[in-house]
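> Sharing a structure, written as structure tokens. Questions coming.
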Amino acid sequence: MMDSLELIIPLAWRNLWRNKRRTLLTMIAIVIAVMSMVAFGAFMRAWSNASLLETINNLTGHGQIHHVGYLDDPNVDYQIQNLPTALVKLLEQPQITHYAKRVRVPAMLVTERESAPIEIIGIQPQSETGLSFISDAVTRGRYLNSDTDRGILLGEKLVSRLQTKLGRRLVVMSQGVDGAIEERGMRIVGVFKSQPQLEKSIAFIAFNSAQSMLKIGSNFSEIAFRVEDKSKLDQIISVMKNQAGQLDVQAWDEIEPFTKAMVEMNEGSILIWILVSFTVVSFGLVNSLLMAVYERLREFGLLQALGMKPRWLLIQVLVESVFIVGLATLMGLVTGILIVMTFQDGINLGIGASYFGGAQIVYPELDWEEISTIGIVVLFLGLLASLYPAIRASRLVPVDILSRATT
């Protein structure tokens, strides 16, 4: 058997280059398809990861705790008064890396020129560091110093809309716990830059200042938290729900279903692209091998007349397919890897990406497991697709071939 393979392998290699143009075109098609699988997969995965990270950083965290009914009607009437002791202990566990309390209510900002309805969020500045984007997003002025800071942080677009600027004073108005409109004058101490929608609709003040203005005592609206191991999030949420009593505990995908749908859509897009690419490659490969078989009918007839068994004809065509698919797949993988590595410093998608809930800059990363899977699957399915022309070649009858060639 080894002697036969030693004869067939060089013969199959030489046969590939009898029609160089056809072989090269087939290989180029496979290279482009495999390259696109690697590059498209890395880009879509980067988009998903960046969108998820953006959602988590934009105040959502990995999960949140609210009073039942708050998410349906987010106002001062739905407050958390006391946390169950078991839930407090759970939040202090190492598996929860960050958590913070917030006061979050609808409000109105009024300057000497304009007014705007917004959502006012009272934050604990130190606790928010590492939990959300706020501390890293301040581009002018300063971050809030403490829970009792008297200043306010506005987004760039909100500053422009209110026709005000850093250092100016404005009035914050919101409904207090007793139903009366409460107001407080505050100075703009910092301006942040983030997603356009957040810049337009959110302002940050200190936690205690918000409680004092709304006259809610030590009550608050929500707790946001991040976990150390995202793979254990469902388990942690389940334990929290058991310890939360009447409070509402939800993971990020329940709070932001749009982001979850987008991540799932991206994963599906990768699979669809791989299937479409391989289907196109399969038709090209089968067509190329069938043409090669029909062009060499006389040759196959002579080989069988000289004693070559049909199974060795089948093996010869399969070996030719291995050469084409194997070399092209390797070249496609290498090209795709180089393309992804070129953009590992980030791809700027422009500000328009932020309007769709995604990050403006995405960072494609190589997934070696996915790359290996693509290589193995393309090689296997390529051989599977080449079985048809190989079987056709092996079933040709020498007498019929030679008589057809003679006539």
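The values are calculated or read from the model by the stated rules, or taken from the named source; none is laboratory data. From a predicted model like this one, the values you see are computed outputs, not experimental measurements. No Cβ is skipped: glycine too gets one built from the backbone with ideal geometry, and neighbour counts run over all protein chains shown. Note: areas computed on protein heavy atoms with side chains; ligands, DNA, RNA excluded. Shrake-Rupley method; radii C 1.70, N 1.55, O 1.52, S 1.80 Å.
> Could you give the size of the charge dipole of the chain about its Cα centre, using +1 on the Cβ of each K and R and -1 on the Cβ of each D and E, expressed in debye and rounded to the nearest 20?
Magnitude of the dipole: close to 1380 debye.
> If ligands, DNA and RNA are left out, what is the accessible area of Phe323 with a 1.4 Å probe, given in Å² to the nearest 10?
Accessible area of Phe323: about 50 Å².
> Identify, among Gly63, Ser51, Leu233, the residue whose Cα sits farthest towards the positive end of the charge dipole of the chain, taking +1 on the Cβ of Lys and Arg and -1 on the Cβ of Asp and Glu, with the dipole about the Cα centre.
Positive-end residue among those listed: Ser51.
> Between Gln81 and Val110, what is the spin-label point distance in nm, taking each point 7 Å from the Cα along the Cα→C-beta axis?
Placing both labels 7 Å along Cα→Cβ, they lie 3.2 nm apart.
> Still on this model: Using just the helices of the chain, give the 222 nm mean residue ellipticity in deg cm²/dmol: DSSP H runs with n ≥ 4 each add -39,500 (n - 2.57), and the total is spread over all residues, rounded to 500. Numbers along the way, then the final one.
Numbers: 15 runs with 219 residues, N = 407.
Mean residue ellipticity, 222 nm, calculated: -17500 deg cm²/dmol.
> With only Lys, Arg, Asp and Glu charged, each at its Cβ (+1 for the first two, -1 for the last two), find how big the charge dipole of region 147-253 is about the Cα centre; round to the nearest 20 debye. If you can, show how the numbers build up before the last one.
Values: 15 positive and 13 negative charges, 128 e Å.
That gives a dipole near 620 debye.
> Over the heavy atoms of Arg161, what accessible area does a 1.4 Å probe trace out, to the nearest 10 Å²?
120
> Enter the accessible area per residue of the chain (Å², integer; probe 1.4 Å; all protein chains in place).
Values: 20280 Å² over 407 residues.
Accessible surface, normalised per residue, equals 50 Å².
> Can you list the lysines whose alpha carbon sits under 20 Å from that of Lys101, skipping same-chain ones fewer than 8 residues off?
In chain and number order, the partners are Lys89, Lys215, Lys241.
> Per-residue HN-Hα couplings for region 42-49, Karplus 6.51 cos²θ - 1.76 cosθ + 1.60 at θ = phi - 60°, whole Hz, x for Gly and Pro?
5, 5, 5, 5, 5, 4, 4, 5
> Which one of Leu153, Leu214, Thr23 is farthest out on the positive end of the charge dipole of the chain, using unit charges on Cβ (Lys, Arg +1; Asp, Glu -1) and the Cα centre as origin?
The listed residue farthest towards the positive side: Thr23.
> Which lysines, if any, have their Cα less than 23 Å from the Cα of Lys157, not counting same-chain residues under 8 positions apart?
Lys165, Lys193, Lys200
> By how many degrees, 0 to 90 and rounded to 10, does the Cα axis of helix 2-16 deviate from the longest principal axis of the chain?
Its long axis makes an angle of about 70 degrees.
> Right, something else. Within the chain, what whole-number % of the accessible surface is contributed by carbon and sulfur, with the 1.4 Å probe and all protein chains included in the calculation?
59
> So, counting K/R as plus one and D/E as minus one, what does the shell of residues with Cβ under 15 Å around Val377 add up to?
Values: positive: none; negative: Asp367, Glu369, Glu370.
Around Val377, the charge tally is -3.
> Okay, moving on. Given an 8 Å cut-off on Cα distances and at least 6 residues of separation, report the relative contact order of the chain as a percent. Working shown, then result.
Details: 695 pairs, mean separation 106.1, N = 407.
About 26 percent, as a whole number.
> Further, regarding this structure: Under the rule that an exposed site lies in a DSSP loop and has at most 16 other Cβ atoms within 10 Å, name the longest stretch of the chain with no GluC sites (Glu not before Pro) of that kind, not counting the sites themselves.
229-364
> Could you work out the percent of alpha carbon pairs in the chain separated by over 42 Å, rounded to a whole number?
Details: 33014 of 82621 pairs.
The proportion of pairs with Cα distances above 42 Å equals 40 percent.
> Give the residue from Gly375, Thr129, Ala390 lying farthest towards the positive end of the charge dipole for the chain; charges sit on Cβ (+1 for Lys and Arg, -1 for Asp and Glu) and the dipole is referred to the Cα centre.
So the residue we want is Ala390.
> Please report, to two decimal places, log10 I(q)/I(0) for region 8-55 at q = 0.16, 0.19, 0.26, 0.29 Å⁻¹ as given by the Debye formula with identical point scatterers on the Cα atoms and no solvent.
Taking Cα atoms of region 8-55 as identical point scatterers yields -0.61, -0.70, -0.88, -0.94.
> Pull up the cross-link candidates among the aspartates and glutamates for Lys232, meaning alpha carbon to alpha carbon under 13 Å and not fewer than 8 places away within one chain.
none
> Using a simple spin-label model with points 7 Å from Cα along the Cα→Cβ vector, what separation in nm is obtained for Ser212 and Phe343?
Spacing of the two 7 Å Cα→Cβ label points: 5.0 nm.
> Turning to a different aspect of this structure: Apply the Karplus parameterisation 6.51 cos²θ - 1.76 cosθ + 1.60, with θ equal to phi minus 60°, to every residue of region 137-142 and state each ³J(HN,Hα) to the nearest whole Hz, in sequence, with x for glycine and proline.
My calculation for region 137-142 gives 9, 6, 9, 9, x, 9 Hz in order.
> In degrees between 0 and 90, to the nearest 10, how far off the longest principal axis of the chain does helix 310-342 point, with axes built from Cα atoms?
Around 30 degrees separate the two axes.
> What distance in nm lies between label points placed 7 Å from Cα along the C-beta direction at Arg311 and Arg142?
8.4
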